[in-house]
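Asks: Would you mind keeping the following structure in view while I ask a few things?
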Amino acid sequence: MNKEKLKASVVGEIDARRHQLSELSLKIHSSPELGFHEVKAAAWLTQYLEENGFSIERGICGLPTAFKGCYGRGKPAIAILAEYDALPDLGHACGHNLIAGSAVGAGVASKLAIDQFGGSILVIGTPAEELHGGKIIMADRGAFDNLDVAMMVHPGPFDTAATQALACQVLEVEFFGKAAHASAKPEAGINALEAMLNSFTAINSLRQHIKDKARIHGIITDGGEAANIVPAHSAGNFVVRTEDDAYLEKLKQRVINCFIGAATASGARLEYRWTDIHYAPLLNNLTLAQLFRQNMQSLGRKVNLSDASQAFGSTDMGNVSQLVPSIHAGVAIAPEEVPLHSTQFAEATASEAGIQGLLDAAKALAMTVVDLIASPEIVIKAKEEFGQNK
Ligand SMILES: [Zn+2]
Ligand SMILES: [Zn+2]
């Protein structure tokens, strides 16, 4: 079968599974599970893959809800990544139920390409994308070694082949002062809350003079016990994001200087800790992105090559993209004004448009697998591009 006929077959395969894939995705939507607790979702997804001829390893990398499904053997080894964690209170307001459905749909349809040309297709289940960066842990534990390509599609307001995502690290800060009567003996106190407030002021000033896409944002998690006591303790969490890792290191130090200055001014003692979760910036492989775009356009969608939203978050797919030629594409399932992580978006991820997005994402992914498996020289080109950009 030639490449175009094979693409028509994988598309037909996904259409034939429309009902199963939509049911799987809606089931995950109606039982939202938080990161590392996606027990039902992981069970349903692995069961579906197993029933369709994939060999399954459950609980990989020491993470009970991570998994690897594999069909075929040897090279090229093409991976499609699934996410399936939900958000507290909001449920599937990031649409990971659709990511899961499109990943297993694309994986199962790609079997046709593997049967004809060889190589292997993997569906890798990656838990806890939100907050915990599951893929960061999995990357450290070797889950993405020996892959030639890694791909996934995230739902959103735009069809795009390459998303921008920022490097990101989380900071935990505490100030230790001294309690005293706020009115009768204020001179005896050291005000830990003022130290925190001055830190915010210093960061707000710093923000005027940082690079365009950099972000610094934070909250206060402890601001004292009572208004008539000088606060002896304050605490906060901050996130620092930048376009690249080199600038992240520089900006992190400048942010810390804001806290050091506030500690000196107030006399409070500063303690801080950068958490281990470091989201790397997303390195989009344009060789892959262009293929994906052509395939998505063949389904009648108008796809931007790069992110039109100018809305920059961070994703743990960034860490994968630093190891393997990758794409993190976007499929439109909601109007432009509906933001991710909102109740409206949670509704969209169970809507007709959501299911259509799932199916189109699965089709475009599977067609891209056909391109890669049938033309190994494209895999070599993607790897060359990756080598040049690293
Ligand atoms: Zn999210
Ligand atoms: Zn997400």
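Asks: How about the range 314-360: which GluC sites (Glu not before Pro) there are in a DSSP loop, with at most 10 other Cβ atoms within 10 Å of their Cβ? If you can, show how the numbers build up before the last one.
Replies: Numbers: sites: 336, 337, 347, 352; in loops: 336, 337.
Sites meeting the loop and neighbour criteria: 337.
Asks: What fraction, in whole percent, of alpha-carbon pairs in the range 74-199 exceed 26 Å separation? Show your work: numbers first, answer last.
Replies: Details: 3598 of 7875 pairs.
Of all Cα-Cα distances in the range 74-199, 46 percent exceed 26 Å.
Asks: Can you tell me the dipole magnitude for the range 101-148 around its Cα centre, using point charges on the Cβ only (Lys, Arg +1; Asp, Glu -1), in Debye to the nearest 20?
Replies: 100
Asks: Any chance you could run the full-extension gain for residue 336 through residue 271? It's 0.36 nm times the residue separation minus the Cα-Cα distance, nm to one decimal. Please report the intermediate quantities before stating the final value.
Replies: Values: separation 65, 0.36 × 65 = 23.40 nm, distance 4.14 nm.
Fully extending the segment from residue 336 to residue 271 adds 19.3 nm.
Asks: Compute the projected area of the convex hull of the Cα atoms of the range 287-390, averaged over all viewing directions, and report it in nm² to one decimal place. Could you put the intermediate results ahead of the total?
Replies: Values: hull surface 28.9 nm².
Taking a quarter of the hull surface, the average projection is 7.2 nm².
Asks: What percent do you get for the relative contact order of the chain when only Cα pairs under 8 Å and 6+ apart count?
Replies: The value is 23 percent.
Asks: Also, I was wondering about something else. Calculate the spin-label point distance for residue 50 paired with residue 141, positioning each point 7 Å from the Cα along the beta-carbon direction, and give it in nanometres.
Replies: 1.9
Asks: While we're looking at this one, here's another question. For the range 322-388 and the range 61-103, what is the separation of their Cα centres, given in Å?
Replies: Measuring centre to centre over Cα atoms gives 13 Å.
Asks: Run lengths n ≥ 4 of DSSP H only: what is the helix-derived mean residue ellipticity at 222 nm for the chain, with -39500 (n - 2.57) per run over all residues, to the nearest 500? Don't jump to the answer; show the numbers that get you there.
Replies: Numbers: 12 runs with 167 residues, N = 390.
Value at 222 nm, helices only: -14000 deg cm²/dmol.
Asks: Return P(r) of the chain (all Cα-Cα pairs; 20 Å bins starting at 0; whole %; ordered from short to long distances).
Replies: Once binned at 20 Å, the Cα pair distances of the chain give 28, 50, 19, 4, 0.
Asks: For the range 294-390, which whole-number percentage of the solvent-accessible area (1.4 Å probe, protein heavy atoms only) is attributable to carbon and sulfur atoms?
Replies: Values: 2010 of 3890 Å².
Looking at the range 294-390 in its full context, I get 52 percent from C and S.
Asks: Say R0 is 51 Å: what FRET efficiency, to the nearest 0.05, do residue 20 and residue 225 get from their beta-carbon distance? Before the final figure, lay out each step's value.
Replies: Numbers: r = 55 Å, r/R0 = 1.09.
E(calc), rounded to 0.05, equals 0.40.
Asks: Please give the length that would be gained between residue 252 and residue 237 if that part of the chain were fully extended, namely 0.36 nm times their separation in residues minus their C-alpha to C-alpha distance (nm, one decimal). Don't jump to the answer; show the numbers that get you there.
Replies: Numbers: separation 15, 0.36 × 15 = 5.40 nm, distance 1.35 nm.
Extending this stretch completely gives an extra 4.1 nm.
Asks: Right, next: Can you flag which of 302/383; 5/111; 7/111; 40/68; 5/302; 68/135 are past 18 Å Cα-Cα? Intermediate values should be presented prior to the final figure.
Replies: Values: 302/383 27 Å; 5/111 14 Å; 7/111 12 Å; 40/68 16 Å; 5/302 23 Å; 68/135 13 Å.
Listed pairs above 18 Å: 302/383; 5/302.
Asks: Taking only C-alpha pairs under 8 Å that are 6+ residues apart, what is the relative contact order of the range 91-231 in percent?
Replies: Working: 92 pairs, mean separation 27.6, N = 141.
Computed value for the range 91-231: 20 percent relative contact order.
Asks: Related question: Please report the antiparallel percentage of DSSP beta bridges with both residues in the chain, rounded to the nearest 5. Walk me through the numbers on the way to the answer.
Replies: Details: 40 of 59 bridges.
Rounded to the nearest five, the antiparallel share is 70 percent.
Asks: Still on this structure, I have one more. With every protein chain left in place, what is the accessible area per residue of the chain in square angstrom, probe 1.4 Å? Don't skip to the answer; put the middle values down first.
Replies: Working: 16180 Å² over 390 residues.
Per-residue value: 41 Å².
Asks: Quick one: pull the percent of accessible area on the range 1-136 belonging to carbon and sulfur, 1.4 Å probe, ligands and nucleic acids left out.
Replies: The value for the range 1-136 is 54 percent carbon and sulfur by accessible area.
Asks: Next up: Could you calculate the FRET efficiency of residue 185 with residue 30 from 1/(1 + (r/R0)^6), where r is the beta carbon distance between them and R0 is 45 Å, rounded to 0.05?
Replies: Working: r = 58 Å, r/R0 = 1.28.
So the FRET efficiency works out to roughly 0.20.
Asks: Check residue 82: other-chain or 5+ apart residues with amide H under 5 Å from its amide H, H built from backbone geometry?
Replies: Close amide H contacts, sequence-distant or interchain: 124, 125, 126.
The values are calculated or read from the model by the stated rules, or taken from the named source; none is laboratory data. Everything numeric in this text was worked out from a predicted model, so none of it was measured. Here the Cβ is made from the backbone with ideal geometry for all residues, glycine too, and neighbour counts use every protein chain on show. Surface areas here come from the heavy atoms of the whole protein model, side chains and all, with no ligands, DNA or RNA. Shrake-Rupley method; radii C 1.70, N 1.55, O 1.52, S 1.80 Å.
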